[in-house]
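Q: Let me begin by handing over the structure; questions about it come next.
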Amino acid sequence: MDALLIGLILLFAGVLYWLSKGSSQRGVHSNFKLDSGRYKLLGTDLGAQEVGSIFLSYAGVNGKPDAIFEDRKKPCIIIGEHKARKYKAGVRLREYYQVVLYMGIARRKWPSHDVKGLLSFDDKVVWVDFDSHVFQALLDLKPEAIEGLRSGKASNPTPLHRRMSVRLPGGKRAA
Amino acid sequence: MKPRQTISVSKLAFYAEDPARLSAARGKAYNAKAAAIGETKHNAIGRAPSKLLYVAAAIAAVLVYLWVTR
């Protein structure tokens, strides 16, 4: 009788653990306000250790997005980046550039998929459309950026949004 | 030594936003404290529960049961 009850206690603890593991993955979905039934979590660099991160690399530019989801209903990849702050003044340029870079690299990794970007803040999520001109301009900036990091001095201190027109999510033009 | 030819997405994004500032910081975080807080918050999202916690709780439950029924 004792052995049976002890076994039941251990089984109950195991079931509880298994259930909470599933809810941890759903935590990543809820962070991005996505339905876990519709969107499959392919990889994450956030705390969910059960799903590994996905390393994206193209033309010497690389990194791991916070989360990559796949739509179960249509061929669509969603690149998610979480920012540990409130939305307040809106999307920062560097946050937008980061998502555009990941989206551009993901489009090469999943050529038959549509790729969307999603920025999550503590109080809001913002969808990001891909801009091929901005992506190319960022790639073209790579040698200059590497040299700037090496020397400690930017050869051209003009920010990208003053070299070309950049529209932040929501259509607002960066000034 | 061959100079490096790769760059991380985040550093390239920071550079595009403010080339002079990131170059001067040599790619390091502008605010180390804020970066550490952000890292902690990132790691907390969707974190799986500790196995150790469940093992400890199960052992405690077994011990309580044995103590009550002895």
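Only the coordinates and a few stated rules stand behind these numbers; no lab work does. For clarity, every value in this text was computed on a predicted model and none was experimentally measured. Note that we place each Cβ from the backbone using ideal geometry, even for glycine, and neighbour counts take in every protein chain shown.
Q: If you restrict to DSSP beta bridges whose two residues both lie in chain A, what percentage is antiparallel, to the nearest 5?
A: 70
Q: While we're on this one: Just rank A:66, A:114, A:45, A:35, fewest to most, by other beta-carbon atoms within 10 angstrom.
A: Listing A:66, A:114, A:45, A:35 from fewest to most nearby Cβ atoms yields A:35, A:114, A:45, A:66.
Q: Separate question: So the label point goes 7 Å from the Cα of residue A:15 along Cα→C-beta, right? Which residues of the stretch B:28-70 then have their backbone N under 18 Å from it?
A: B:54-55, B:57-59, B:61-62
Q: Let me ask something additional. What list do you get for A:54, A:77 if you sort them by fewest beta carbons within 10 Å?
A: The order, fewest Cβ neighbours first, is A:54, A:77.
Q: Moving on. Taking amide hydrogens as modeled 1.01 Å from N in the peptide plane, which residues meet the under 5 Å criterion relative to residue A:61, leaving out close sequence neighbours?
A: B:7
Q: So how much slack lies between residue A:127 and residue A:173, counting 0.36 nm per residue of separation and subtracting their Cα-Cα distance, in nm?
A: Length gained, residue A:127 through residue A:173: 15.0 nm.
Q: Using Cα pairs closer than 8 Å and at least 6 residues apart in sequence, work out the relative contact order for the stretch A:2-162, in percent.
A: Relative CO of the stretch A:2-162 lands at 16 percent.
Q: Same structure again: Between the stretch B:28-70 and the stretch A:136-175, how far is it from one alpha carbon centroid to the other, in angstrom?
A: 41
Q: What does the helix-only formula give at 222 nm for chain A: each DSSP H stretch with n ≥ 4 adding -39500 (n - 2.57), the total divided by the residues, and the result rounded to the nearest 500 deg cm²/dmol?
A: Rounded to the nearest 500, the figure is -12500 deg cm²/dmol.
Q: Further question: Please order A:164, A:103 by the number of other Cβ within 10 Å, starting at the fewest.
A: Arranged by neighbour count, lowest to highest, A:164, A:103 become A:164, A:103.
Q: Still on this model: Helix-only estimate, please: 222 nm mean residue ellipticity of chain B, summing -39500 (n - 2.57) across DSSP H runs of length 4 or more and dividing by its residues, to the nearest 500.
A: Per the formula, -20500 deg cm²/dmol.
Q: What nm value, rounded to one decimal, do you get for the distance between residue B:57 and residue B:21 when each label is placed 7 Å out toward the C-beta?
A: Here the answer is 4.4 nm between the modelled labels.
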